[in-house]
Amino acid sequence: MIRVLVAVLSFGCLLLSTLGMSGCSPLALFDALGPRDAGARLSLRDVAYGEDPRQRLDVFTPITDVTNAPVLVFFYGGSWKNGSKDDYAFAAQALAAQGFVTVLPDYRLYPQVRFPDFLDDGARAIAWVRDNIAAYGGDPKKIVLAGHSAGAYNAVMLGLDPSYLRRAGVDPRVIRAVAGLSGPYDFFPFDQATSVDVFGQASDPQATQPVNFAGPNAPPAFLATGDADTTVRPRNTKSLAARLREARVPVQERVYAGLDHADTLLALSITFRSKAPVLSEMAAFLHQHAERRQLSSVRMR
């Protein structure tokens with residue numbers, strides 16, 4: 001069913017392009033036309049967290065008044081080469097309806113930047129959250145990170161390697177948990193064009209791999225993938241989950257039957273939520289650890 005919808009949306013974008021309407025993608029059309037969760041709203045749009053035009057973010061909040069709510073920063077995917085926050089409002093609104101003040105940042109992409117610049121962008125977005133999110137009902141000491149595909153890499157890497165947050169002036173201990181959907185975490189040596197383009201110039205390739213930062217001070221992690229994913233193989237999720245368990249870090253690992261790479265993202269939407277309990281399971285895990293992992297009890301990293 002999901003593949004049929006993608007085909008229909010692709011045809012719709014092709015039709016629009018013939019009418020002179022550029023910039024359409026199947027995901028953008030899905031985001032624009034699909035139903036949204038009624039329990040959340042867009043509260044802030046296109047606020048700058050840096051000087052570059054792509055250093056902008058949106059904030060979605062629950063429609064009920066919240067105070068000291070956990071804050072979820074969601075990073076979208078696109079192989080670090082494509083993507084726009086404007087195409088992922090359905091995901092951010094779904095997460096906000098689960099009780100999170102949800103922040104959806106854009107970040108710079110290849111070829112404008114390569115590793116690690118997009119991680120520095122993510123850290124700067126988190127610094128903005130620390131300084132401003134209380135005005136929207138969020139608790140800057142209860143931040144969780146989540147993402148899909150390349151965005152899952154960004155979320156997990158920012159949680160596991162504290163150097164990026166420290167460079168942005170953020171205490172890494174504010175990250176209570178991370179969640180990755182269909183993310184690449186263990187993909188060295190670089191044997192694909194995207195990984196060569198984005199990471200091939202790194203002076204220390206091992207420092208690009210989240211699996212190498214899975215130590216005892218890592219935050220709890222929800223790691224999910226689909227067993228039909230041929231874009232980012234499920235071994236990435238299994239490898240990182242195993243390494244975190246060895247370090248005695250709380251991990252929930254989920255491999256959803258029949259889901260491919262895009263399905264784990266689309267399952268956040270109302271339209272495809274019945275395909276797998278991705279949203280409910282991820283939200284429950286992040287809520288649990290956002291409340292449990294007290295800042296004072298976490299060792300300095």
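Readers should treat all values here as calculations from the given coordinates under stated rules, not as data from a laboratory. Because the structure is a prediction, the values reported are computed rather than measured. Glycine gets a Cβ as well: all are built from the backbone with ideal geometry, and neighbour counts include every protein chain shown.
Descriptive notes on the structure:
- ASP117/ILE63 FRET efficiency (R0 41 Å; Cβ-Cβ; nearest 0.05): 0.70
- Helix-only [θ]222 nm of the chain, DSSP H runs n ≥ 4, -39500 (n - 2.57) each, per residue, nearest 500: -10500 deg cm²/dmol
- FRET efficiency, ASP46 to LYS81 (Cβ-Cβ, R0 25 Å, nearest 0.05): 0.70
- Working ranking of peptides 165-176, 201-212 by packing, defined as the average number of other Cβ atoms within 10 Å per residue, highest first, is 165-176, 201-212.
- Cα→Cβ-extended label distance, 7 Å offset, between ALA284 and ILE270, nm: 2.3
- Using 0.36 nm per residue and subtracting the Cα-Cα separation, the extra length available between ASP171 and ALA134 on full extension is 11.7 nm.
- Note on the chain: with a GNM built from Cα contacts shorter than 10 Å, the maximum mean-square fluctuation among PRO216, PRO277, PRO53 falls on PRO53.
- The charge dipole of the chain, taken about its Cα centre with unit charges on the Cβ of Lys, Arg, Asp and Glu (plus for the first two, minus for the last two), comes to roughly 720 debye.
- Prolate/oblate/rounded label for segment 169-301 (Cα gyration tensor, a/c 1.5): oblate
- Net +/- balance of residues flanking LEU42 in space, Cβ distance below 10 Å, scoring K and R +1, D and E -1: +2
- Rounded to 5, percent antiparallel among DSSP beta bridges of segment 26-291: 30
- Separation of the GLU246 and SER25 label points, Cα + 7 Å toward Cβ, nm: 3.5
- Three-way shape call for segment 177-235 based on the alpha-carbon gyration tensor, with the a/c threshold at 1.5: oblate
- Within segment 26-291, the proportion of Cα pairs with more than 27 Å between them is 29 percent.
- Relative contact order of the chain, defined on C-alpha pairs under 8 angstrom at six or more residues apart (%): 16
- The GNM of the chain, with springs linking C-alpha atoms under 10 angstrom apart, assigns the highest mean-square fluctuation among ALA127, ALA32, ALA155 to ALA32.
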